[in-house]
Amino acid sequence: MKKLSEQKWNDFVEVSLLKKAATTWIKNANYFNIYTGEMMEGNIALFEDRIAYVGGKEPKVDESTIVIDAADYTLVPGYIEPHSHPFQIYNPLTWIDYSLSRGTTTMMHDSLLFFLNAPQEQMERFFQDLQDSPVKNFWWARLDSQTPSPELEARVPIQRTLQTLEHPQVIQAGELTAFKRMLDGEPLLRERMFLAYQSGKRIEAHNPGSSVETLNAMMAAGATCCHESITTEEVMRRLRLGLYATLRNSSIRPDLPELLQGLLKLERVPWDRLMMTTDGSPPFFYEQGTVDRLIHIALDCGVPVWEAYRMVTLNPAVYYGLDPDLGGIAPGRVADILFLEDLHHPTPVQVMANGKLVEKDRSAAQIDWSSYGILGVPAADWKAEADWFHVAAREDFPVGEMMNAVIIRQRDETLPVNDGAIDLTDKPDYLYVALLDRAGTWITRGIVKGFGNVEALASTYTVSQDLFVLGRNPEEMAAAANRVMEMGGGICLRENKESLFELPLPLLGGMSEKGMAELIDETSQFLRLLQERGYQHEDPIYSLFFFTAIHLPVIRFTQDGIYSTKQNKILVPSQRLR
């Protein structure tokens, strides 16, 4: 955090001594002391963006002092989101703006999409320019690309990893989804992990279902926290080894109630080593809130009020070494203060960030994304054709069966054949799928069971940044693919020769410039349309995103073909289109 100049520091001290007029006086304050768990009454005096005095005496004021009467409110520190993915259909500006309105004043963001697409200088300038936001924005340095694409891996040479780790707004490395490859000794991942370890910054692990032995190795390599616990025992496994554990409630892993209820049954819970996150869910999931919703859930589960609020304020501040500046209402801290009805209603009535009240109808700033290297999907010089989506017949085809929104198991089947191609006419729960690069040079074809019954759905919102198409009608699949490319990236659902749903994603094919309220409505509509067509899982947007992510089991779609993570081999190779 930026330190005060000597003159500002002296003025700050004088305000704390009640000798110099405060710039803002919050009087009749009923505030929650996050350090002791007490409700306290008194006055809060600010000098610009910092809290100078908290106590029973009235501060010195003059004609320029802003006076706020807080008698009707309960005051708590601004919330901290320790694990944000700011590019899940929304973009960082709209995500930050919406989160701020719900009380989140500090965020730790994944940089993956920018790391893979923006030149280093432009990415760093984006980090710098975001410091003008009322929200404190920090970033991760990514260590892997979540996909085996050599093209993407080539965009993140070791020098970029090192340079990113050295940036002052980069607060940690992670999340390391390719931890198995790193532990198995893959040289590039080992070198990146060592640089992260050597930097002295926090390292976010990604270890779902990992054994004590694997977690030991990860911690020896430098990991300090993991957000992938899906049972109470997995939470305690991490805590016993000295890791911090971030409890997650996301669209694909709404685990928080179960985890908290399990912890509350234990004789002793080390609450000070726990944090909470929404883990970058799509817009529809945030209709009821962001971090404020996590507190609601914790309180409903019976978590003590003090601990519920600490998990999203003081605990992450301590974990990231920011507690001298953030996480509480106390002298020296940045004045991030939320005005609540009471502690059982964590959604704020009014938000103060950096000592200033935030406008309630604040809208996200408009920027020139291209100046940061954030561009649209280039216009295609090709047109998809129906026969691109015919899948050649073979015995024991490795069908991908969806067990939930993102886990796809292998199901070897001999499927009906017509004229040398697989015929799904009498298989209503099966879809043709295809992954093709945006340049139209190669295609990976396959079959998926358990997504639903759609004629055609195409999306550029994928981990690998390719075009993913699925459906039962190859002609409509070609039309959906072509429409998405015409839009410059996005999602298109087609049926009966017309579009039922279109969502343009003009920023890298994965982000919209629309406001969060509009995106919540549109993605909720998308979810309803797919549910009406048999989609039975939690989140179709993440399903589309993760079809190409090789850190998840078992069947994945890559530029080399259908890949088995269990066997570590290509089951059906991709083919050249031109």
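The values are calculated or read from the model by the stated rules, or taken from the named source; none is laboratory data. Note that the structure is predicted; figures quoted are calculated from it, not measured. When we count neighbours, we look across all protein chains shown, and the Cβ atoms used for this are built from the backbone with ideal geometry, even at glycine.
Name the single residue that is surrounded by the most Cβ atoms within 10 Å (Cβ to Cβ) among those in the stretch 284-301 being touching a residue at least 40 places away in the same chain (Cβ under 8 Å) and not in a helix (DSSP H, G or I).
Across the stretch 284-301, the extreme among qualifying residues is Thr290.
Any idea which residue in the stretch 228-249 is farthest from Leu552 (Cα to Cα), counting only those that are among the aliphatic types (A, V, I, L, M) and in a loop (DSSP other than H, G, I, E, B)?
By that ranking, first place goes to Leu241.
Identify, by number, the condition in (1) assigned to a loop (DSSP other than H, G, I, E, B); (2) of a type outside the set (S, T, N, Q); (3) touching a strand residue (DSSP E or B) at 6+ places or on another chain (Cβ under 9 Å); (4) surrounded by 15 or more Cβ atoms within 10 Å (Cβ to Cβ) that Val406 doesn't meet.
Answer for Val406: the failing condition is (3).
Of the residues Ile329, Ile252, only one is at pLDDT 95 or above, part of a loop (DSSP other than H, G, I, E, B) and closer than 29 Å to Gly510 by Cα; which?
Ile252
Ser464: modelled with pLDDT under 95, surrounded by 22 or more Cβ atoms within 10 Å (Cβ to Cβ) and not charged (D, E, K, R), yes or no?
yes
When residues of the stretch 541-572 are filtered for being touching a strand residue (DSSP E or B) at 6+ places or on another chain (Cβ under 8 Å), of a type outside the set (Val, Ile, Thr) and without any contact (Cβ under 8 Å) to a residue 40 or more places away in the chain, how many remain?
Residues meeting the conditions: 1.
Would you check which residues across the stretch 332-346 are in a loop (DSSP other than H, G, I, E, B) and surrounded by 18 or more Cβ atoms within 10 Å (Cβ to Cβ) and list them? Write out each step before concluding.
Taking the stretch 332-346 and keeping what is in a loop (DSSP other than H, G, I, E, B), we get 332-333, 335-336, 341-346.
Answer for the stretch 332-346, where residues must be in a loop (DSSP other than H, G, I, E, B) and surrounded by 18 or more Cβ atoms within 10 Å (Cβ to Cβ): Arg333, Ala335, Asp336, Pro346.
If you check Leu183 against the conditions, is it modelled with pLDDT of 90 or more, closer than 26 Å to Ile96 by Cα and of a type in the set (A, V, I, L, M)?
In short, no.
For the stretch 161-184, what are the residues that are surrounded by 17 or more Cβ atoms within 10 Å (Cβ to Cβ), of a type outside the set (A, V, I, L, M, F, W, C) and part of a helix (DSSP H, G or I)?
Across the stretch 161-184, the qualifying residues are Thr161, Thr164, Arg181.
For the stretch 107-125, state whether one or more residues are small (Gly, Ala, Ser) and farther than 26 Å from Glu186 by Cβ.
Checking the stretch 107-125: not a single residue is small (Gly, Ala, Ser) and farther than 26 Å from Glu186 by Cβ.
Go through the stretch 186-203 and give me each residue that's part of a loop (DSSP other than H, G, I, E, B) and modelled with pLDDT under 95.
First, the residues of the stretch 186-203 that are part of a loop (DSSP other than H, G, I, E, B): 186, 200-201.
Matches in the stretch 186-203: Glu186 only.
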